[in-house]
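Accompanying notes for the structure given below.
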Amino acid sequence: MKLHTMLTGLALAIATPGIANAQEGWAQERKVVSLYPHANGFTFVLSGARVNVGSPCEDNRMILPLSAQNYDAIVSSIMTAFTSGYVIDAAYDTSSITSCDTVVNRVVVYRRG
């Protein structure tokens, strides 16, 4: 993947406002520790404190559904964070807190100086 394409995806994911609502939480300053692309979307696991305490699966397992707005740009940003060791903030739907995968609607990727 060319650097231009990765940076474009990164800029789109950061600039996309997403859907903010009262049932939104943020997992902040996390590293992406594993990736799992599949037919229903893109699942990834974050480092750090527990996000999904009620999950019957891993506590920090997140999913970006295939139907999400700007899916390709956000997946590109998550993959860039994973391969480069960058830190992300992920906005998630707190109403999905009891399912295996906590639903993410946007991410911010940044590197620390």
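No value in this document is a laboratory result; all are computed from the given coordinates. It should be emphasised that the depicted structure is a prediction, and the values quoted were computed from it without experimental measurement. Cβ atoms come from the backbone with ideal geometry, glycine included; neighbour counts cover every protein chain shown.
Charge tally around TYR36: other residues with Cβ under 15 Å, Lys/Arg +1 each, Asp/Glu -1 each, net -1. Among 50-63, 25-38, the peptide with the highest mean count of other Cβ atoms within 10 Å heads the list, and the full ranking is 50-63, 25-38. Would you mind counting up the charge near ARG50? Only other residues with Cβ under 10 Å from its Cβ, with Lys and Arg at +1 and Asp and Glu at -1. Its environment carries a net charge of -2. Each residue of segment 47-61 was assigned a 3J(HN,Hα) from its phi angle through the Karplus expression (A = 6.51, B = -1.76, C = 1.60, θ = phi - 60°), giving 7, x, 4, 4, 9, 9, 4, x, 6, x, 10, 5, 5, 10, 8 Hz with x at Gly and Pro. Values of log10 I(q)/I(0) for segment 68-113 across q = 0.17, 0.28 Å⁻¹ run -0.53, -1.02, by the Debye formula with one identical scatterer at each alpha carbon and no solvent.
For segment 44-113, DSSP calls about 80 percent of its internal beta bridges antiparallel. Other residues lying with their Cβ under 12 Å from the Cβ of ILE78 contribute a combined charge of +1, Lys and Arg counting +1, Asp and Glu -1.
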